[in-house]
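The values are calculated or read from the model by the stated rules, or taken from the named source; none is laboratory data. Predicted, not measured: the structure shown is a model, and the values here were computed from it. With ideal geometry, Cβ positions are generated from the backbone for all residues, glycine too; neighbour counts draw on all protein chains shown. Keep in mind that these areas ignore ligands, DNA and RNA; they rest on the heavy atoms of the full protein, side chains included. Shrake-Rupley method; radii C 1.70, N 1.55, O 1.52, S 1.80 Å.
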Amino acid sequence: MATIDLIETAPPVDTGIVEKDGPPAAQAGGTLTIDLGALAANWQTLRRRATPAECAAVVKANAYGLGIEPVVHALAREGCKTFFVADLSEARRVRAAAPDAAIYVLNGVMPGSGPEFSVIKAKPVISSTVELAEWDAYCAASGWRGGAALHVDTGMNRLGVSINEAAALAPRIRAENHGIHLLMSHFACAEETDNPLNERQIKLFREVRLLYRGIPSSLSNSSGIFLGDAAHCDVVRPGVALYGVNPTPGKPNPMRPVIDLKARVIQVRSVTRGETVGYSATWTARRATRVAVIAAGYADGFLRASGSTDETPGGSALVAGRLCPIAGRVSMDLSTIDVSDLPEGAVRRGDMVTLIGDDLPLDEVARGASTIGYEVLTSLGRRYHRVYRRD
Ligand SMILES: *Cc1c(COP(=O)(O)O)cnc(C)c1O
């Protein structure tokens, strides 16, 4: 009996895998692995860098495509207490994953959606005087005192009350204890350290903060955290750096890679010299060519812009340890890789090729598609087998 007990209570073998999602690996065109340990380490790196400011986390757009629930669980476990999302449906998911966290909704409150903020206990980020008046009316009518943030525009010209409006509102907000829990602004080009707009935004925001003394303030996104202490204020709001994108372009990446994406080879075929590959015949074989056809296309977020033509190179994939170029257009469900430089037989049907990984960084993949890591992440498709691991 004792032996049976021992067997039953033995700890499970630790594979490092904490969760799976999507179709089974053997049926999926690819496997997306998300390293929650690296995510946690990245949050700690940013937190240390911003200390004594509080380090929040931006988890909008389904945590930049990686999944709100596992990402919020992992970050809450590290001690993250404040989350930013774009809308109420995301706020609802964060609330379920982090019952005690502060949740800010960046897109603010839509007309009539006040009650839902009370239900979720989320705080709208208010961006205009009209929106503030509507929120006040809702709070007065309902007695809700859950708080909000006030977004002040310092040069982005997207959302936020103007500097003059902020100055005019300040005495009223301080006198009436308006429930403004956070004063916020947003950088337009924090990743360009030399852009004079950064200094200008920091200076303007400092002036506004003086009028709102006693209310915590927040200015920095991921790259803003690397602009120095003057940009930190009381709360920093990193998003993309948590997920492994380099917040300091042109310098070594201080973040750990978080995602690894592999796609399956479904056929290796020979193409005669002079033949073309793919839609619109944009790519011509200049020699006897071998092409690996992989089960990932633009419907999986393998961006169509990473395709190539005879004139313009595109992105690459890592096949049998070697970078191989994409040949021709990316299709909806398939892409074609020129593997002619690999030894014969080095790649076979059923093999996996790396589309994003330690040796093919997210930022490089983005460059190959003439875009930014943000778009690569938020485009990641729903058809991959997803593995969440913590090593
Ligand atoms: C998306 C967003 C962030 C996070 O930006 P990253 O560049 O991803 O770090 C911070 N603040 C606001 C207002 C945002 O919209």
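Summary table below
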read-out: Share of alpha-carbon pairs per 20 Å distance bin for the chain, given as whole %; value: 25, 47, 24, 4
read-out: Potential extension, residue 367-residue 320 segment - 0.36 nm per residue separation minus Cα distance; value: 14.7 nm
read-out: Rounded tilt (10° steps) of 68-78 against the dominant C-alpha axis of the chain; value: 70 degrees
read-out: Cross-link partners of residue 251 among aspartates and glutamates (Cα-Cα below 13 Å; sequence separation of 8 or more within a chain); value: 191, 192, 363
read-out: In degrees, nearest ten, helix 163-175 long axis to first principal axis of the chain (Cα); value: 50 degrees
read-out: Those lysines that a straight Cα-Cα span of less than 23 Å connects to residue 81, excepting residues fewer than 8 apart in one chain; value: 60, 121, 123
read-out: With 5 Å bins from 0: P(r) over segment 352-391, alpha-carbon pairs, percent; value: 5, 20, 25, 28, 17, 4, 1
read-out: Segment 243-302 - percent of accessible surface contributed by carbon and sulfur, probe 1.4 Å; value: 50 percent
read-out: Rounded FRET efficiency, nearest 0.05, which uses the C-beta distance separating residue 44 from residue 176 and R0 of 35 Å; value: 0.35
read-out: Fully extended contour minus Cα-Cα distance, from residue 130 to residue 312, at 0.36 nm per residue; value: 60.6 nm
read-out: Segment 137-199 pair-distance distribution - Cα-Cα, 10 Å bins, rounded %; value: 20, 40, 27, 11, 3
read-out: Restricting segment 187-275 to trypsin sites (Lys or Arg not before Pro) in coil, as DSSP defines it, with at most 15 other Cβ within 10 Å; value: 213, 273
read-out: Degrees between helix 196-211 axis and first principal axis of the chain (Cα, 0 to 90, nearest 10); value: 30 degrees
read-out: Paramagnetic reach from residue 110 in segment 176-218 [backbone N under 20 Å; point 7 Å along Cα→Cβ]; value: none
read-out: √(5λ) per eigenvalue of the Cα gyration tensor, segment 259-389, largest first, Å; value: 22, 17, 13
read-out: Efficiency of FRET between residue 284 and residue 188 - r from beta-carbon atoms, R0 41 angstrom, step 0.05; value: 0.45
read-out: Reference-scaled alpha-carbon Rg (2.2 N^0.38 Å with N residues) for segment 178-249; value: 1.11
read-out: Length added when fully stretched, residue 256-residue 162, from 0.36 nm per residue minus Cα-Cα; value: 30.1 nm
read-out: Residue with peak Gaussian network fluctuation, the chain [Cα springs, cutoff 10 Å], from 119, 18, 105; value: 119
read-out: Backbone HN-Hα couplings from phi across segment 36-50 [Karplus 6.51/-1.76/1.60, Hz, Gly and Pro as x]; value: 5, x, 5, 4, 4, 4, 5, 4, 5, 4, 5, 4, 4, 4, 8
read-out: Listed residues 68, 294, 163, most fluctuating in the chain (Gaussian network, C-alpha, under 10 Å); value: 163
read-out: Cα gyration tensor category, rounded, prolate or oblate, for segment 52-243 with a/c compared to 1.5; value: oblate
